[in-house]
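First comes the structure, then the notes that go with it.
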Amino acid sequence: MNKHFLQACVLVLAIFAGSYWFVGYIGAVFFGPIFANEDSGVAASAEQWPVLGPFEGKPSAISFATSYWPKVKAHCPGFKRFASDMSFKQLRDMRGDGSSEMDRLEIVFKISDEPLTIPASFLAHRQTCGFGVSPDGDNIRIQKDRCASVCLGYAIRQSHDYVAPL
């Protein structure tokens with residue numbers, strides 16, 4: 001339901017109740033967002049996944065990225081919530097020969113300068129975030145905790161890379 005519709009309903013009921021109209025007004029202002037299931041501090045947006053592409057580069061890197069994108073999305077629920085503040089930047093192919101734990105294909109997004117959906121506590125504004133998939137497609141590596149927060153959908157602070165199975 002629309003927050004403003006609920007606020008208007010509470011206000012009308014309060015007016016009909018008599019001289020306690022201010023109680024209805026206060027209730028509409030403070031409780032309307034709760035009943036409407038909206039966070040009054042963050043702009044509402046339709047949940048969607050960030051767009052992957054357009055691509056430039058080696059066809060093998062593009063194929064790898066598109067084939068593992070569903071696994072990355074499944075691991076990163078924050079992407080769906082924060083898609084409007086993320087724009088695809090590039091693919092970075094750092095797969096090498098697969099002998100290093102740092103080998104990966106990074107799917108890189110730029111975070112908005114002034115995000116509307118990503119909480120300020122994530123400190124992710126203006127970040128360039130690389131979400132690296134290991135050459136075997138089994139792990140994700142995110143080097144910045146701010147970017148890992150965007151991926152996971154909650155703030156994390158750690159002094160080392162976020163690495164997890166996909």
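Quick look at the values:
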| quantity | calculated |
| --- | --- |
| Looking only at segment 147-166, and only at residues there that are touching a strand residue (DSSP E or B) at 6+ places or on another chain (Cβ under 8 Å) and either of a type in the set (Val, Ile, Thr) or buried (at least 20 other Cβ atoms within 10 Å of the Cβ) (or both), the one that is nearest to Val108 (Cα to Cα) | Cys147 |
| Per-region count, segment 52-73, residues among the aromatic types (Phe, Trp, Tyr) and under 19 Å from Ser84 (Cα atoms) | 1 |
| Sole residue being in contact (Cβ under 8 Å) with a residue 40 or more places away in the chain and over 15 Å from Cys151 (Cα atoms), chosen from Leu91, Leu105, Leu52 | Leu105 |
| Residue check for Ser149: more than 26 Å from Lys58 (Cβ to Cβ) and either touching a Phe, Trp or Tyr at 6+ places or on another chain (Cβ under 6 Å) or assigned to a loop (DSSP other than H, G, I, E, B) (or both) | yes |
| Within segment 72-115, considering residues that are small (Gly, Ala, Ser) and surrounded by fewer than 18 Cβ atoms within 10 Å (Cβ to Cβ), the one nearest to Pro165 (Cα to Cα) | Ala74 |
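Rule-based calculations on the coordinates, nothing more; no lab input. Bear in mind that the values here come from a model prediction, so they are computed numbers and not experimental data. For neighbour counting, all protein chains shown are included, and Cβ atoms are generated from backbone atoms with ideal geometry for every residue, glycine included.
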